[in-house]
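Q: Would you mind keeping the following structure in view while I ask a few things?
The values are calculated or read from the model by the stated rules, or taken from the named source; none is laboratory data. This is a predicted model, so every value here is computed, not measured. Cβ coordinates were reconstructed from backbone atoms using ideal geometry, including for glycine residues, and neighbour counts include every protein chain displayed.
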Amino acid sequence: MQVKEAGRASWEKGSNKNPLRSESPVSDSNTPAPSLYAAREPIFPRRVSGNFRSLKWVLLTLMLGVYYITPWLRWDRGPELPDQAVLLDLGGRRFFFFWIEIWPHEFYFVAGLLVMAGLGLFLFTSALGRVWCGYACPQTVWTDLYILVERWIEGDRNARLRLHRQKKMDFRKARLRITKWTVWFLIGLATGGAWVFYFTDAPTLLVDLVTLNAHPVAYTTMLVLTLTTFFFGGFAREQICIYACPWPRIQAAMMDEDTLTIGYRDWRGEARGKGKNREGLGDCIDCAACVNVCPMGIDIRDGQQMACITCGLCIDACDDMMDKVGKPRGLIDYLALSDETREREGHEPRSVWKHIFRPRVILYTSLWSLVGIGLVFALFIRPEIEMTVAPVRNPTFVTLSDGSIRNTYDVRLLNKRGESRPFRITLTGNEYLRVQLEGTPYETVDVPANETHLQKVYVIAPRGSEPAESERVDFRFWVEDLTTGDRAHNDTIFNGRAN
């Protein structure tokens, strides 16, 4: 009670100290508060060779080659469109992929591809962990390329470390830095340039870009992609994977104890130690080769970590070291948690295929396959011509001077061919109804290539006929491509005189 009274009195007198709060006798008001942000430690991976490194080089070359070369592949699109195999035609709101053409109302194809991509990511993660992150993610691919350039210009890990720790900016350091950044910038520029080529004719756009006649949107897009590639691949690197990408936090839901992912056999490697006398020591000689080659800068011997992208470079480094010291390979390897007990007891791990072919993986594979089969089926059954019919409601019908009843319809005809085609419009379902096209005495209309044509169509029922006297009569519009014989139809109604 006396303490509380003293405290209340102290605050009433305006004291800035609370007598109920204990004060540390060693506190110093000049001591800076601890930072909530840990400064980034630059990572300089050492060069390594091996099966996984070779696989990464092959995939890097393949994916970058596809990305940069695809806009230059030619495909006959007719006189109205660029002869480009892969084209995102934003003006016409269409997507062309070789012989496949996707229109705006067929966006379900794009949605289906996105679903397949998501299921594929779930499938590979549940089977082999973050193989997407380690081998195919654009951030990984371009970072690998930037590190390769850095190694070519500045040297391997030790040389880059010495250059980084050198505080003085002399001529040599400035030359190496400027050379490296210039090559990085050119790679980013090629990345942005390749992207804009997907949206229009690549050769024409290249000439316009060089002669400064391209649209400002093209230059802006290239600049944004150049700067982001330069920053993400050159400076941010592993921080994009750790802080910006959500997948490391989601992947745990896709994995279980049977998922194959990179791990360290601590029951074989511990206790670590160096030297020739290895009595009581494990196979790990604590050389840190696995740490030095890791692009994320982690130590896989500390266990599975969120930052690990399962690229396999630590496996190559460890296997190489095990060969040198005469120990069996596989101290670091693709492992499944469910095999740990078996291996600790000296038994062989289960077959890789038993880990892969399990209910979760089979479920993802089945779903992925069903979506793919559905998209292929929808692609082959879709018609080459399409028609939509919208009855004009105001007025519902018109009585002509001879007593006949006329209905008006807005008919949209879609020609997916690369040249103009004559379409004939007819109807079936009632023998009394006849068709009349606005603007022409014939039943045919020319629809331009790769366009939608709006045609106003009149349907007339003679006076005294069944449609003229009935409230509603069903019938069917037909459209026929007179060049190929392809047909499409649409059911609608004829409104007659209400009883």
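Q: Evaluate the stretch 93-105: report whether one residue or more is farther than 30 Å from Ile309 by Cβ, outside any strand (DSSP E or B) and among the basic types (Lys, Arg).
A: Yes, the stretch 93-105 contains a residue that is farther than 30 Å from Ile309 by Cβ, outside any strand (DSSP E or B) and among the basic types (Lys, Arg).
Q: Residues to consider are Thr182, Thr191, Thr228; find the one that is more than 18 Å from the chain's Cα centre (by Cα) and of a type in the set (Val, Ile, Thr).
A: On the way: Thr191 fails: more than 18 Å from the chain's Cα centre (by Cα); Thr228 fails: more than 18 Å from the chain's Cα centre (by Cα).
Residue meeting the stated conditions: Thr182.
Q: Filter the stretch 199-227 down to the residues that are assigned to a helix (DSSP H, G or I), β-branched (Val, Ile, Thr) and in contact (Cβ under 8 Å) with a residue 40 or more places away in the chain, then identify the one that is nearest to Ala307 (Cα to Cα).
A: Among those that are assigned to a helix (DSSP H, G or I), β-branched (Val, Ile, Thr) and in contact (Cβ under 8 Å) with a residue 40 or more places away in the chain, it is Thr226.
Q: I've got another one for you. Looking at (1) buried (at least 19 other Cβ atoms within 10 Å of the Cβ); (2) of a type in the set (Gly, Ala, Ser); (3) over 26 Å from Cys314 (Cα atoms), which one does Gly263 not meet, given that it meets all the others?
A: The failed condition is (3).
Q: For the condition in the same structural domain as Gly91 (by TED's automatic domain parsing) and either touching a Phe, Trp or Tyr at 6+ places or on another chain (Cβ under 6 Å) or buried (at least 16 other Cβ atoms within 10 Å of the Cβ) (or both), what is the one hit in Leu223, Leu206? Steps first, please.
A: On the way: Leu223 fails: either touching a Phe, Trp or Tyr at 6+ places or on another chain (Cβ under 6 Å) or buried (at least 16 other Cβ atoms within 10 Å of the Cβ) (or both).
Criteria check complete, one pass: Leu206.
Q: Against the conditions (1) over 21 Å from Arg94 (Cβ atoms); (2) assigned to a strand (DSSP E or B), where does Thr365 fall short? Just the number, please.
A: The one condition Thr365 does not meet is (2).
Q: Another question about this same structure. In the list Ile309, Ile300, which residue meets the criterion of being assigned by TED's automatic domain parsing to the domain that holds Ala336, buried (at least 19 other Cβ atoms within 10 Å of the Cβ) and touching a residue at least 40 places away in the same chain (Cβ under 8 Å)?
A: Ile309
Q: Would you be able to tell me the number of residues in the stretch 405-450 that are closer than 25 Å to Glu80 by Cα, out of contact with any strand residue (DSSP E or B) (no Cβ under 7 Å at 6 or more places or on another chain) and among the small types (Gly, Ala, Ser)?
A: Counting residues in the stretch 405-450 that are closer than 25 Å to Glu80 by Cα, out of contact with any strand residue (DSSP E or B) (no Cβ under 7 Å at 6 or more places or on another chain) and among the small types (Gly, Ala, Ser) gives 1.
Q: When both residues are 6+ apart or on different chains and their Cβ atoms are under 7 Å apart, which pairs have a first residue that lies in the stretch 471-494 and is under 17 Å from Ala449 (Cα atoms) and part of a strand (DSSP E or B), and a second that is modelled with pLDDT under 90 and small (Gly, Ala, Ser)?
A: Val479/Ala488
Q: Say we look at the stretch 393-416 and pick out the residues that are without any contact (Cβ under 8 Å) to a residue 40 or more places away in the chain and part of a loop (DSSP other than H, G, I, E, B); which of these is surrounded by the most Cβ atoms within 10 Å (Cβ to Cβ)?
A: Pro395
Q: Another question about this same structure. Determine which single condition Leu212 fails, assuming it passes every other condition in (1) at positive phi; (2) in contact with a strand residue (DSSP E or B) (Cβ under 6 Å, 6 or more places away or on another chain); (3) of a type outside the set (Gly, Ala, Ser).
A: Against the list (1) at positive phi; (2) in contact with a strand residue (DSSP E or B) (Cβ under 6 Å, 6 or more places away or on another chain); (3) of a type outside the set (Gly, Ala, Ser), Leu212 comes up short only on (2).
Q: Sticking with this structure for a sec: Return the pair list, or none, for Cβ contacts closer than 6 Å from residues in the stretch 373-387 that are surrounded by 17 or more Cβ atoms within 10 Å (Cβ to Cβ) to residues that are of a type in the set (D, E, K, R) and not in a loop (DSSP other than H, G, I, E, B), at least 6 apart or on different chains.
A: Listed pairs, sorted by first residue: Ile385/Asp481.
Q: Same structure again: For residues in the stretch 344-357 being of a type outside the set (Lys, Arg) and in contact with a helix residue (DSSP H, G or I) (Cβ under 7 Å, 6 or more places away or on another chain), which is nearest to Met255 (Cα to Cα)?
A: Ile356
Q: Of the residues Phe109, Phe95, Phe52, which is buried (at least 16 other Cβ atoms within 10 Å of the Cβ), within 30 Å of Ile332 (Cα to Cα) and among the hydrophobic types (A, V, I, L, M, F, W, C)?
A: Phe52
Q: Checking the condition closer than 29 Å to Ile250 by Cα and part of a loop (DSSP other than H, G, I, E, B), which residue from Gly297, Gly280 passes?
A: Gly297
Q: Another question about this same structure. Looking only at the stretch 444-457, count every residue that is under 23 Å from Gly403 (Cα atoms) and surrounded by fewer than 16 Cβ atoms within 10 Å (Cβ to Cβ) and tell me the total.
A: Count: 1.
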